[in-house]
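Below: the structure, in structure tokens.
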Amino acid sequence: MSNSVRKIVVVGGGAAGWLTAGVIAAEHVTGDAAGISVTLVESPDVATIGVGEGTWPTMRRTLGKLGISETDFVRNCDASFKQGTRFDGWHTGSDGDRYYHPFSLPLGYATTSLVPNWQARRQRISFADALTTQSHVCAHGLAPKQSGTPEYAAVLNYGYHLDAGKFSQMLQRHCTDVLGVRHILDHVTGINAADDGDIASLDSKQHGLIEGDLFVDCTGFASLLLGKHYGVPFVSRKDALFIDRALAVQVPYPSSDSPIESQTISTAQSAGWIWDIGLSSRRGVGYVYSSGHLSDAAAESELRAYIEPSMGKDAETVTLRKISIDPGHRREFWHRNCVAVGMSAGFLEPLEASALVLVELSAEMISEQLPVTRDTMDIVARRFNDKFRYRWDRVIDFLKLHYVLSERSDTDFWVENRERDSIPASLAELMTLWRRHYPVNADFSQIGEVFSAASYQYVLYGMGFETVSGPATPRQLPEAQAQNMFAENAENTRKMLAGLPANRELINRIKESGLRAA
Ligand SMILES: Cc1cc2nc3c(=O)[nH]c(=O)nc-3n(C[C@H](O)[C@H](O)[C@H](O)COP(=O)(O)OP(=O)(O)OC[C@H]3O[C@@H](n4cnc5c(N)ncnc54)[C@H](O)[C@@H]3O)c2cc1C
């Protein structure tokens with residue numbers, strides 16, 4: 001193998017494979033025969049996971065970078081706008097127990113904090129309702145922008161709900177037709193090592209040897225290159241996150257003009273939670289649960305009961321798809337000339353849609369730091385591993401926080417989730433700090449956190465956490481000024497409710513006449 005890194009081979013054609021191939025190709029493929037090439041090989045025999053329908057706002061930037069028009073994306077992927085997550089029944093499980101984790105930052109977040117002032121009002125108004133307009137907009141099923149707002153621009157921050165199968169197909173078309181990615185539809189049957197231990201080539205059923213300088217393992221749960229070939233150990237995180245099963249189902253809308261929810265809905269159940277994602281064409285619903293706390297049959301009954309109000313008698317017979325989940329990640333993600341992205345690197349329950357955002361961040365770092373020669377690859381690999389080990393740990397902390405804050409005691413699942421030895425030490429430490437000061441970005445050691453302090457604030461204060469204020473800090477606002485800001489938020493909310501279209505209305509307009517280019 002020559003020392004230069006020019007041939008990049010991505011194995012796997014799910015969302016991880018196509019996003020990574022696209023991000024690298026958009027940046028590096030020039031069409032010059034001596035330049036960088038990206039080849040994606042995917043098996044016709046192994047289906048993609050086909051779930052994974054909620055994204056973060058980062059997806060707007062990623063799609064923009066790939067040169068995909070938002071209008072085409074909305075039309076081709078049955079996409080809708082996601083403005084955050086609504087958590088039902090997570091805090092106490094009592095009637096009306098509900099809070100929002102919206103994507104827009106709390107009012108004043110960049111320069112000050114209204115947390116202490118809000119705490120004095122917490123009995124009267126929820127944190128999200130007092131500090132954003134977005135929870136109100138979500139509650140009314142409205143869109144985060146108007147039909148005149150250009151592509152990818154926002155009135156309120158948003159990500160997407162999308163059809164996973166259609167998304168991969170659209171990425172495939174765009175990557176091959178526009179970005180110059182070579183597509184090989186073939187099953188990889190073997191991996192050939194060079195003398196130094198790097199991967200030299202892959203064996204495939206129909207296309208023979210596929211050679212490369214850098215191999216990106218996007219083979220999903222199979223983890224063919226990093227896991228099976230290199231034997232990089234899997235680090236189970238079931239000690240903290242108990243969920244290891246999913247049951248998924250597609251639910252039709254009663255009519256073509258049914259309203260579309262503005263956020264993912266996550267409803268707590270006896271041993272996990274149900275996701276409910278509204279696309280433009282249908283809903284995607286699924287129960288993720290702990291098999292250590294609930295039998296598959298009982299989980300099935302809970303899911304069927306959830307969809308019964310929408311599906312009537314059909315809820316009893318509709319086919320549910322069962323997926324096993326192993327919560328955790330590989331000990332390292334980049335080994336020699338192989339880097340894993342997507343579920344081949346690891347997977348955690350989709351509580352905050354963290355999987356696709358980690359794919360986007362991985363693809364971005366590989367592309368930005370693409371080693372020009374093999375000599376620098378180990379340095380990039382070490383940095384990548386350090387960064388992503390940290391990121392997986394922070395995601396685990398953030399997901400676990402939702403369980404630790406719950407006061408539900410109706411089943412062992414909820415009680416055991418609060419047991420001390422199931423709580424990562426890093427999370428316990430942060431929660432101790434936050435008893436004394438509200439979360440700020442300086443609490444975290446890296447820039448570019450997956451979840452900012454704003455996300456922690458929404459979940460902590462949405463679930464009843466109390467920060468015992470010390471003496472007023474210079475950042476703290478005088479009460480009169482805070483009062484004005486809360487009034488401003490209420491006024492802005494009135495304007496948003498009057499000015500934003502319903503989700504369905506905006507999507508119909510995009511389908512008819514498209515959005516203005518950015
Ligand atoms: C229940 C559930 C819910 C989820 N919800 C969300 C969510 O809301 N938000 C979110 O961000 N993420 C979510 N995810 C995760 C998300 O689905 C994945 O991160 C995303 O789809 C990427 O998957 P992937 O490309 O890594 O793997 P896959 O889609 O499984 O693709 C694997 C690819 O590898 C190929 N392959 C395998 N073996 C071979 C071989 N021998 N030769 C050649 N090719 C091979 C297959 O053909 C396939 O193309 C969810 C996942 C699950 C399980």
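The values are calculated or read from the model by the stated rules, or taken from the named source; none is laboratory data. The structure displayed is predicted, hence computed values, not measured ones. All Cβ positions, even for glycine, are placed from backbone atoms using ideal geometry, and neighbour counts span all protein chains on display. In case anyone asks, the SASA skips ligands and DNA or RNA and just uses the protein heavy atoms, side chains included. Shrake-Rupley method; radii C 1.70, N 1.55, O 1.52, S 1.80 Å.
A cut-off under 11 angstrom between Cβ atoms defines the neighbours of Pro501, and their net charge, with Lys, Arg +1 and Asp, Glu -1, is +2. Rolling a 1.4 Å probe over the protein heavy atoms gives region 1-156 an accessible area of 35 Å² per residue. The angle between the Cα long axis of helix 354-368 and the longest principal axis of the Cα atoms of the chain comes to about 50 degrees, rounded to the nearest 10.
Axis of helix 377-404 versus longest Cα principal axis of the chain: the two differ by about 30°, to the nearest ten degrees. Net length available on complete extension from Ala305 to Ser452 is 49.4 nm, with 0.36 nm assigned per residue and the Cα-Cα distance removed. Between the Cα long axis of helix 296-311 and the first principal axis of the chain there is an angle of about 70°, rounded to the nearest 10. Computed from point charges on the beta carbon alone (+1 for Lys and Arg, -1 for Asp and Glu), the dipole magnitude for region 431-518 about its Cα centre is near 260 Debye. On full extension, the segment bounded by Ser256 and Ala194 gains 16.7 nm, given 0.36 nm per residue less the C-alpha separation. Between Ser409 and Lys166, the modelled label-to-label distance comes to 4.7 nm, taking each label 7 Å out from Cα in the direction of the beta carbon. Charge tally around Cys138: other residues with Cβ under 12 Å, Lys/Arg +1 each, Asp/Glu -1 each, net +1. Spatial offset of region 202-251 relative to region 354-397 amounts to 16 Å, using the alpha carbon center of each. Dipole size of region 149-296 about its Cα centre, with +1 on Lys/Arg Cβ and -1 on Asp/Glu Cβ: approximately 520 debye, rounded to the nearest 20.
Based on protein heavy atoms only, region 179-294 ends up with 37 Å² per residue of surface accessible to a 1.4 Å probe. By the rule of a C-alpha distance below 12 Å, with chain neighbours fewer than 8 residues away ignored, the aspartates and glutamates paired with Lys7 are Glu211, Asp213.
Along the axis of the charge dipole computed for region 1-133 (Cβ charges of +1 for Lys and Arg, -1 for Asp and Glu, origin at the Cα centre), the listed residues Phe127, Thr111, Pro44 are led at the positive end by Thr111.
Can you tally the net charge around Arg435? Count Lys and Arg as +1, Asp and Glu as -1, for every other residue whose Cβ sits under 15 Å from the Cβ of Arg435. Here the charged neighbours net out to -2. Dividing the summed -39500 (n - 2.57) terms of all DSSP H runs of n ≥ 4 by the residue count of the chain sets its mean residue ellipticity at 222 nm at -10500 deg cm²/dmol. A 1.4 Å probe run over region 327-408, with the rest of the protein chains in place, finds 30 Å² accessible per residue. Shown for the chain: the carbon plus sulfur share of the solvent-accessible area, taken with all protein chains present and a 1.4 angstrom probe, equals 50%. The lysines whose alpha-carbon is closer than 18 Å to the alpha-carbon of Lys238, local same-chain residues fewer than 8 away aside, are Lys400. Per-residue surface analysis assigns Tyr289 an accessible area of about 0 Å², computed on protein heavy atoms at 1.4 Å probe radius.
Of all aspartates and glutamates in the structure, those lying under 12 Å Cα to Cα from Lys387, and not within fewer than 8 positions of it along the same chain, are Glu332, Glu449. Computed about the Cα centre, the dipole magnitude for the chain is approximately 920 debye when only Lys and Arg (+1) and Asp and Glu (-1) carry charge, each at its Cβ.
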